[in-house]
Amino acid sequence: MSGESFLLPDDRLIEVEPYRVLAGIYDQVMSHVDYSAWTDFVLDVLADHGLPSEYGEPPPTLLEAACGTGSTAIMIALRGYNVDAFDGSPRMIAAAEAKAKSIPGRPRFKVADFMTRGTGKTYDAILCLYDSVNYISAERSLGDFFKLVRDQMRPGGLFLFDVCTEYNSLRHFAGVEQVEYLKGASYQRVMSYDPRAGIQRNRFFIRLDKSPGDVYVEQHIQKIYSLETVRRQIARAGMDIAEETDNLIRKPPHAESTRVHFLCKRK
């Protein structure tokens, strides 16, 4: 629902860091996402570009950066892959570990900073999905992240990530408000986009049923890069682009693509 009054005059607004409170309702907020289809897409793309079969011995190793509550990492692990995953939010990782607790061969989750993750390990494939790359706020930092990824790829390794496009921001985020009522909580999401700065803002006002007078406020800021900028930083990081796709469609992106996946190989 849009345009609905959410805040009350006597509400107490409490500013918190991103995902401090949202983590507890994240899976409900994202219930519209078909993670199973996204996982199928990811594994199909990786397999077409040489990722060994999950039935190999040992099974292929994957690392997911910014894994959130672990939905994709868990589904990939259930397919028989050896999965490490990390996220910068302790609350998101706690939710991921709770979901994976009873799963055989579950992913190994850790809390780690987006830009400084270094395990000393290398992987057959690395993932960074659901516009997580857009949380990197500067082009130079974007290039640094790509280099960090490259250094953790095995020879012939693959890196699959996606970015949201400016078309998506202008169409779906510029001046949009949303109110939703969930189990145990409700929230208002206020979205805006500054095309001059390429900055997209999402402000979440979250009310938990157990403390209805408190409204927690989280601000999520994303940088919207041109595809040319992304390509330039991939090349500077020493990787080649093996495939670009329009969202989950195995066709090249176009002017009205809302999300673009890049499949990269280490040179």
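Since every read-out is calculated from the coordinates, none of them should be taken as a lab result. Keep in mind that what you see is a predicted model, and the values were worked out from it rather than measured. Cβ coordinates were reconstructed from backbone atoms using ideal geometry, including for glycine residues, and neighbour counts include every protein chain displayed.
Go ahead and collect, in residue order, the members of region 163-190 whose backbone nitrogen is under 19 Å from a label point 7 Å along the Cα-Cβ direction of D209.
In region 163-190, the label zone of D209 (backbone N under 19 Å from the point 7 Å along Cα→Cβ) covers 179-188.
Sort 35-41, 67-73, 90-96 by packing, meaning the average of other beta carbons within 10 Å per residue, with the highest value first.
Ranking the peptides 35-41, 67-73, 90-96 by packing returns 67-73, 90-96, 35-41.
What does the charge count near I14 come to, summing +1 for each Lys or Arg and -1 for each Asp or Glu among other residues with Cβ under 12 Å from its Cβ?
Neighbour charge sum, excluding I14 itself: -2.
With a cap of 14 neighbouring Cβ atoms within 10 Å, and only residues DSSP puts in a loop, list the trypsin sites (Lys or Arg not before Pro) found in region 163-226.
Filter output for region 163-226: K183, R196, K210.
Enumerate the lysines that K251 could reach by cross-link, defined here as Cα to Cα under 24 Å, with residues fewer than 8 away along the same chain left out.
Qualifying lysines at Cα under 24 Å: K265, K267.
Would you mind working out the magnitude of the charge dipole of region 98-234 relative to its Cα centre, with +1 at each Lys and Arg C-beta and -1 at each Asp and Glu C-beta, to the nearest 20 Debye?
With only Lys, Arg, Asp and Glu charged at Cβ, the dipole is about 520 debye.
Suppose R0 equals 25 Å. What FRET efficiency, 1/(1 + (r/R0)^6) with r the Cβ-Cβ distance, do Q219 and D48 give to the nearest 0.05?
Plugging the Cβ-Cβ distance into 1/(1 + (r/R0)^6) gives 0.05.
Using a 7 Å offset from the Cα along the Cα-to-Cβ direction at both I241 and S31, what is the distance between the two label points in nm, to one decimal?
Each label point lies 7 Å from its Cα, and together they span 3.7 nm.
Counting each DSSP H run of 4 or more residues in the chain as -39500 (n - 2.57), what helix-only mean residue ellipticity at 222 nm follows after dividing by all residues, to the nearest 500 deg cm²/dmol?
That calculation yields -8000 deg cm²/dmol at 222 nm.
For K110, which lysines qualify as cross-link partners when the Cα separation must be under 22 Å and same-chain residues fewer than eight apart are set aside?
Those lysines meeting the cut-off are K99, K101, K121, K147.
Once you charge only the Cβ atoms, +1 for Lys and Arg and -1 for Asp and Glu, what is the size of the charge dipole of the chain about its Cα centre, to the nearest 20 debye?
For this selection, approximately 660 debye.
Can you give the % of DSSP beta bridges in the chain that are antiparallel, to the nearest 5?
65 percent
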